[in-house]
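Novice: Can you keep this structure in mind? I'll have questions shortly.
The values are calculated or read from the model by the stated rules, or taken from the named source; none is laboratory data. Just so you know, these numbers come straight off a predicted model, no measurement behind them. Every residue, glycine among them, receives a Cβ derived from its backbone with ideal geometry; neighbour counts consider all protein chains shown. Calculation scope for accessible area: heavy atoms of the full protein, side chains included, ligands and nucleic acids excluded. Shrake-Rupley method; radii C 1.70, N 1.55, O 1.52, S 1.80 Å.
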Amino acid sequence: VIVDGQQSDLSLVKKVDNAAPDAGDDITFTLTVSNDGPDDATNVEITDKLPTGLTYVSDSGSGTYNTSTGIWQVGTLSNGSSKSLDIVVTAKTGVEVVNYAEVTASDQPDADSIVANNASAEDDSASVNVDAIEADLSLSKTVDNASPSVGTNVVYTVTLVNNGPDDASGI
């Protein structure tokens with residue numbers, strides 16, 4: 001339902017707290033939708049369908065988020081206000097994805113965007129890249145003399161190998 005004569009100006013910002021997590025780590029996406037008016041926006045919905053490679057954990061913030069459809073029902077967004085939603089996911093092993101979100105419903109037309117048109121250049125859509133880091137570490141230890149005489153020095157060699165595919169840090 002479009003409300004005649006009214007207009008809003010919705011914009012969407014999407015952030016991620018860690019764009020290069022270790023595989024298996026939880027990360028948080030934060031969506032913030034703002035209305036620059038001049039009128040209130042009603043029945044606002046944002047679609048943020050999580051891509052394959054990310055497993056939903058939880059969400060918190062304004063409105064309700066449907067994990068099956070990816071629809072965040074924001075509801076009414078007053079002129080000059082904003083609402084946010086945090087979505088926590090687990091990044092699977094070796095995942096590299098683009099997580100895209102867009103305003104997909106509003107009762108008022110948008111001043112500078114078209115809702116639900118998949119136009120990533122408009123201010124009512126936003127995306128972030130996530131590249132989960134995967135390292136494959138192996139550790140070995142050898143000794144130069146397994147049966148030394150008492151008082152004899154021995155040399156231990158400890159070897160750590162990263163079989164990738166990514167660099168490992170904080171070891």
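Novice: Look through A146, A91, A132 and report the one residue that is over 19 Å from the mean Cα position of the chain (by Cα), among the small types (G, A, S) and modelled with pLDDT under 95.
Specialist: Every option except A146 fails the conditions.
Novice: Moving on to the next point. What pairs come up if the first residue lies in the range 45-73 and is without any contact (Cβ under 8 Å) to a residue 12 or more places away in the chain, the second is aromatic (F, W, Y) and not in a loop (DSSP other than H, G, I, E, B), and their beta carbons are under 9 Å apart, counting only those six or more places apart or on different chains?
Specialist: Partner pairs satisfying both residue conditions: T64/W72; N66/W72.
Novice: Which ones in the range 8-37 are modelled with pLDDT under 95 and open to solvent by 70 Å² or more (accessible area, probe 1.4 Å)?
Specialist: D22
Novice: Of everything in the range 125-166, what is closer than 23 Å to D17 by Cβ and not small (G, A, S)? Give them in sequence order.
Specialist: Matches in the range 125-166: V128, N129, V130, D131, I133, E134, D166.
Novice: Under 30 Å from L137 (Cα atoms) and either open to solvent by 30 Å² or more (accessible area, probe 1.4 Å) or of a type outside the set (D, E, K, R) (or both), is that true of P51?
Specialist: It is true that P51 is under 30 Å from L137 (Cα atoms) and either open to solvent by 30 Å² or more (accessible area, probe 1.4 Å) or of a type outside the set (D, E, K, R) (or both).
Novice: Can V57 be described as part of a strand (DSSP E or B), at pLDDT 95 or above and open to solvent by less than 40 Å² (accessible area, probe 1.4 Å)?
Specialist: no
Novice: Hey, could you check the range 135-171 for residues that are charged (D, E, K, R) and open to solvent by 60 Å² or more (accessible area, probe 1.4 Å) and say which is nearest to E102 (Cα to Cα)?
Specialist: Residue satisfying both the conditions and the ranking: D167.
Novice: A further question on this structure: Select, from N118, N145, the only residue that is in contact with a Ser or Thr (Cβ under 8 Å, 6 or more places away or on another chain), under 25 Å from S8 (Cα atoms) and without any contact (Cβ under 8 Å) to a residue 24 or more places away in the chain.
Specialist: N118
Novice: Somewhere in the range 111-133, is a residue in contact with a Gly (Cβ under 7 Å, 6 or more places away or on another chain) and open to solvent by less than 60 Å² (accessible area, probe 1.4 Å)?
Specialist: yes
Novice: Sticking with this structure for a sec: Can you work out which of the residues in the range 38-48 that are open to solvent by 30 Å² or more (accessible area, probe 1.4 Å) and out of contact with any Gly (no Cβ under 6 Å at 6 or more places or on another chain) is nearest to L85 (Cα to Cα)? Break it down into steps so the answer makes sense when it comes.
Specialist: Step one: list which residues in the range 38-48 are open to solvent by 30 Å² or more (accessible area, probe 1.4 Å), which gives 38-40, 42-43, 45, 47.
Add one more test, that the residue is out of contact with any Gly (no Cβ under 6 Å at 6 or more places or on another chain), and what stays is 38-40, 42-43, 45.
On the way: P38: 23, D39: 22, D40: 19, T42: 17, N43: 16, E45: 12 Å.
By that ranking, first place goes to E45.
Novice: Can we say D4 is farther than 21 Å from A132 by Cα, open to solvent by 70 Å² or more (accessible area, probe 1.4 Å), in a loop (DSSP other than H, G, I, E, B) and of a type outside the set (S, T, N, Q)?
Specialist: Answer is yes for this residue.
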